[in-house]
Amino acid sequence: MYVFQCENSLDGILTGVYDAWDSRLGHKNIQLSSDSCGEILLFHEYITVIPDLEKSQKVSRTLICRLGISFFEVICKCAMADGNCRKLTMDKANAVYQAIVMALALPEGAKVLEYLAEPCISCIFELCRQTNNEAHYMIEFLRFAELENGVLFSMIHPKNNVLPIVAEHFTDRFPLENFLLYDATHQIAAVHKASKHYMIVDAKDLNLDIINRYSQEEQEYRKLWKTFFETIAIEERINSKLQSHNIPKRYWRDTVELKSKLTRH
Amino acid sequence: MNYAADNQNLITNVYKNSAPAVSLSPTVMEKLKILTDAAKYDVACTSSGVDRGGDGTGIGNAKSCGICHTFAADGRCVSLLKILFTNECVFNCSYCQNNCTNDIPRATFTPEEICTLTIEFYRRNYIEGLFLSSGIIESPTYTMGLIYQAIYKLRTFYRFQGYIHVKAIPGADPVLIEKVGFLADRMSVNLELPTSDALKKLAPCKSRRTILTPMRQIQNGITENKNELMLYRKAPKFVPAGQSTQMIIGATPENDFQIMSVAEGLYQKFGLKRVFYSAFINVNQNPGLPALSSPPPLLREHRLYQADWLLRYYHFTVDELLSEDKPNFNIYLDPKCDWALRHLEYFPVEIGTADYKTLLRVPGIGAKSAKRIVKARRGSTLDFPDLKKIGVVLKRALYFITCSGRMMYPTKLDEDYICRSLLNDSSQIPREIREQGYRQLSLFDDVSFAAPGGNPLRCRERS
């Protein structure tokens, strides 16, 4: 068995797919792994994959052209997912590879995504669901604050790398705003300038002082919002279990209205 | 804290520099508190039903799945800025806290204040849009006119393309209702109470006729608009997210069968998108109504929502779920389980061959998992672990299905046996009953049962 160890990113995984295919070792004898610190097995040969933009783009083009854009989107969403989940029975990169091998062997390849009884497909389904769900949570629960210079700023802590999906949503929603979406988990940021498309940038050296310099009105609107939030609840129906079921506690810290309600340890 | 000064800031906000035409007392903060409190009993807060991208010249878009932005302490979703235009109401409906005979603080927003609040909350991603209802100030037409002014300004001056839900005020000029319909995404007229007798008793200023007239008008408007859109794609859209309504549950003695029949009628004859049910809370301590001390009938509300889902997505009819002889829902079992237990002749269902509609009838299989099953079985034969991954709730479904002719483990296809097995798992029993110790109860329908706490009212589904 040959194991191609690739970087945990879309380019890394797709380069892995390219190299694995190109090796002509036979699909049955190949596994991909995106987990660099997994245990080393006997009788396995390990091959390190160096991410290569050109190879990754070749694979992307093939996927889009042979299997369609929505298949490719699913693969992207898998790559964005965190991948460390007990529910998963397979490595993320390996599931992607197996699914691609399967899809390209069939006349209507993109349909394989519906065959949920296949282990690699059910794994892809789960990864994709993780990404979609968290992206949706972010779109629901992130809050912007208006800074002194009128820029809207938001800090999020997603487990999966969902920033591009979230930024896409807000670019459509706020075309005339300047906004900065900062993903503190992955230390990247989406920067949007009014009437332009957004850009994802490395934010390791983001100056976090800026987020404390709010505009004059910011505190006022936060107060108004908290007042609204407190008033809208019906006392006779109070149900904190249902509340934290619907908005999981890990998202509370980035909201305005629930942040203060987190019990401190 | 000097609210007057802050208020000035608020209104002359940087976003758009327009002069406020308002007196500053009471402050926006006070108004917001009063008019939110006055609107909170209205249930419909969904932002679903319309997909609209931003056009790049303003602010906002809309997603048909709906987006909840937070959940209040009662667990209900907060999606829209749900406020009344005014609570200075001239009507005296006895279930409503804005009743003109009540001694409560009163306030009225200006259109400008509503626009500023909506835009500033929306920019901060607090809300998905505006839900604007109102008490009746002066006359229904006058009130509708004020609402129109507010949302006209929001749509044109602020170029707001987010979600707007507006209440049509019964008795208002039809011309105004039509104008509002071309600006709003969803409109609703509250049915308030399931029967016209109850309405006469509790809301003497309203009548079935004045409520149904605007409802019919909106329905006809939507139908005409659909035809127009077929001819001319860019025609302005009229109430694109459809129309909804709500009924108060438990204030009057109607049974579940009557309520569900009314709902079914509304879906079929008025083409409604949603009917909402609101567990009655006696805010006015009105002696003619159920006492304030009795908790709101939340489990009953929950069962009605479950049944409502069965009507809209599972091809059930009310006659299948309830009848004159059995007019109320079971408290232990959800309506679908209850139906399945009374119709064991349809089961077990073979997962490999059953058609979509048959799969939908199996307890534990939802619309999404049924669709997935139908597609997935083309690839390979499905077994129980696969079903679990697909999203089927096996602990309910296992009594009713076979995979390749096999049951998950040997069970009897017997009503008592399945019922007992289902209820043995305490997670399948509603929380209200669990907490009260259900063995002591002698009455088994949801009308005779009232319990503390609440049950989920979901307005969006996750994949």
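The values are calculated or read from the model by the stated rules, or taken from the named source; none is laboratory data. All of these numbers come straight from a predicted model, not from anything done at the bench. Ideal geometry is used to build each Cβ from the backbone, glycine not excepted, and the neighbour counts take in all protein chains shown. Please note that ligands, DNA and RNA were not included when accessible areas were found on the heavy atoms of the full protein model with its side chains. Shrake-Rupley method; radii C 1.70, N 1.55, O 1.52, S 1.80 Å.
Placing +1 on each Lys and Arg Cβ and -1 on each Asp and Glu Cβ, with no other charges, gives region A:104-181 a dipole about its Cα centre of roughly 140 debye.
With a Förster radius of 56 Å applied to the beta-carbon distance between B:Arg208 and A:Lys111, the computed FRET efficiency rounds to 0.60. Ranking A:Ser34, A:Ile247, A:Asn161 by how far each Cα lies toward the positive end of the dipole of chain A (charges on Cβ) leaves A:Ile247 at the top.
Solvent-accessible area of A:Leu41, all protein chains in place: 80 Å² (probe radius 1.4 Å, heavy atoms, ligands and nucleic acids excluded). Distance between the pseudo-spin-label points of A:Thr89 and A:Asn133 (7 Å out from Cα toward the beta carbon): 1.9 nm. Couplings 3J(HN,Hα) of region B:101-111, computed from phi: 8, 7, 8, 10, x, 10, 7, 9, 7, 9, x Hz, in residue order, whole Hz [Karplus 6.51 cos²θ - 1.76 cosθ + 1.60, θ = phi - 60°; x for Gly and Pro]. Beyond 18 Å in Cα-Cα separation lie the following of the pairs B:Lys388/B:Lys412; B:Lys336/B:Lys357; B:Lys63/B:Lys388: B:Lys388/B:Lys412; B:Lys63/B:Lys388. Pairing chains A and B buries close to 6200 square angstrom of accessible surface in total, based on protein heavy atoms and a 1.4 angstrom probe. To test your reading of the geometry: what angle, between 0 and 90 degrees and rounded to tens, separates the Cα axis of helix B:28-37 from the longest principal axis of chain B? Roughly 40 degrees between the two axes. Can you list the residues of region A:228-244 whose accessible area drops by at least 40 Å² going from the chain on its own to the full set of protein chains, with a 1.4 Å probe? Buried-area filter returns A:Phe228, A:Phe229, A:Thr231, A:Ile232, A:Ala233, A:Ile234, A:Glu236, A:Arg237, A:Asn239, A:Leu242, A:Gln243.
For chain A, rounded, prolate or oblate, judged on the Cα gyration tensor with a ≥ b ≥ c (square roots of eigenvalues), a/c < 1.5 rounded, else prolate if a/b > b/c? Prolate. Spin-label pair B:Phe182-B:Thr353: with each label point 7 Å from Cα along the Cα-Cβ axis, the two points sit 5.8 nm from one another. Between the listed residues B:Val90, B:Tyr314, B:Leu387, the Cα displaced farthest toward the positive end of the dipole of chain B, a dipole computed from Cβ unit charges relative to the Cα centre, is found at B:Leu387. Whole-Hz Karplus values for region A:143-158 come out as 10, 9, 10, 8, 8, 3, 8, x, 6, 8, 10, 9, 10, 10, 10, x Hz, taken residue by residue from phi with 6.51 cos²θ - 1.76 cosθ + 1.60 and θ = phi - 60°; glycine and proline positions read x.
Placing unit charges on the Cβ atoms of the charged side chains and taking the dipole of the protein assembly as shown about its Cα centre, the candidate lying farthest along the positive direction among B:Leu413, B:Phe276, A:Gly16 is B:Leu413. Scanning residues 5 or more positions from B:Thr70 or on other chains, those with amide H under 5 Å from its amide H are B:Val78, with H placed 1.01 Å from N in the peptide plane.
Charged neighbours of B:Val349, selected by a Cβ distance under 14 Å, balance to +3 (K, R count +1; D, E count -1).
Within 10 Å of the Cβ of each residue in A:134-147, the mean number of Cβ atoms contributed by other protein chains is 4. Put the Cα centre of region B:192-254 next to the Cα centre of region A:221-240 and the gap is 29 Å. At an R0 of 22 angstrom, the distance between the Cβ atoms of B:Ser64 and B:Val374 translates into a FRET efficiency of 0.45. The amide H of B:Ile249, built 1.01 Å from its N in the peptide plane, has B:Ser278, B:Ala279, B:Phe280 as neighbours under 5 Å, considering only residues 5 or more places off or on other chains. Between B:Phe157 and B:Lys388, full extension at 0.36 nm per residue minus the direct alpha carbon distance yields a gain of 78.0 nm. Stretching the chain fully between B:Leu229 and B:Tyr142 yields a gain of 28.2 nm (0.36 nm per residue, less the alpha carbon separation). The residues of the protein assembly as shown expose on average 44 square angstrom of accessible surface per residue, using a 1.4 Å probe on protein heavy atoms. Evaluated with a Cβ-only charge set (Lys, Arg +1; Asp, Glu -1), chain B carries a dipole of roughly 1500 debye about its Cα centre, given to the nearest 20. Converting phi to 3J(HN,Hα) with the Karplus coefficients 6.51, -1.76 and 1.60 and the offset θ = phi - 60°, region B:143-156 yields 4, 4, x, 5, 4, 4, 3, 4, 7, 5, 4, 4, 6, 9 Hz in sequence order, with x at every glycine or proline. Give the shape of the protein assembly as shown as rounded, prolate or oblate, defined through the alpha-carbon gyration tensor: a ≥ b ≥ c are the square roots of its eigenvalues, a/c under 1.5 means rounded, and otherwise the shape is prolate if a/b is larger than b/c and oblate if not. It is oblate, given that a/c is not under 1.5 and a/b is not larger than b/c. Each other residue within a Cβ distance under 12 Å of A:Cys128 adds +1 if Lys or Arg and -1 if Asp or Glu, for a net charge of 0.
Listed cross-link partners A:Lys241/B:Lys389; B:Lys269/B:Lys368; B:Lys31/B:Lys200; B:Lys167/B:Lys273 are compared with a 24 Å cut-off, the Cα-Cα value being larger for A:Lys241/B:Lys389; B:Lys269/B:Lys368; B:Lys31/B:Lys200. Peptide B:64-70 is shielded by partner chain Cβ atoms: per residue, an average of 5 of them sit within 10 Å of its Cβ. Remark: the protein assembly as shown carries a charge dipole of roughly 660 debye about the Cα centre, counting +1 on each Lys and Arg Cβ and -1 on each Asp and Glu Cβ. With helices as the sole contributors, chain B gives -11500 deg cm²/dmol at 222 nm; each DSSP H run of n ≥ 4 counts as -39500 (n - 2.57), and the sum is divided by every residue. Near B:Ile83, the amide H atoms lying under 5 Å from its own belong to B:Phe131, B:Ser133; only residues 5 or more places off or on other chains count, and H is placed 1.01 Å from N. Extension gain, A:Asp205 to A:Gln187, is 5.6 nm, computed as 0.36 nm per intervening residue step minus the present C-alpha separation.
With respect to chain A, whose longest principal axis is taken over its alpha-carbon atoms, helix A:163-173 is tilted by about 50°.
Decide, for region A:142-215, between rounded, prolate and oblate: order the square roots of the alpha carbon gyration tensor eigenvalues as a ≥ b ≥ c, take rounded if a/c falls under 1.5, and otherwise choose prolate if a/b is larger than b/c, else oblate. Here region A:142-215 falls in the oblate category.
Exceedance of the 31 Å cut-off in Cα-Cα distance is limited, within the set A:Lys196/A:Lys261; A:Lys77/A:Lys261; B:Lys40/B:Lys237; A:Lys193/B:Lys33, to A:Lys196/A:Lys261; A:Lys77/A:Lys261; A:Lys193/B:Lys33. Taking label positions 7 Å along the Cα-Cβ direction at both B:Asp414 and B:Lys269, the computed distance is 4.6 nm, reported to one decimal.
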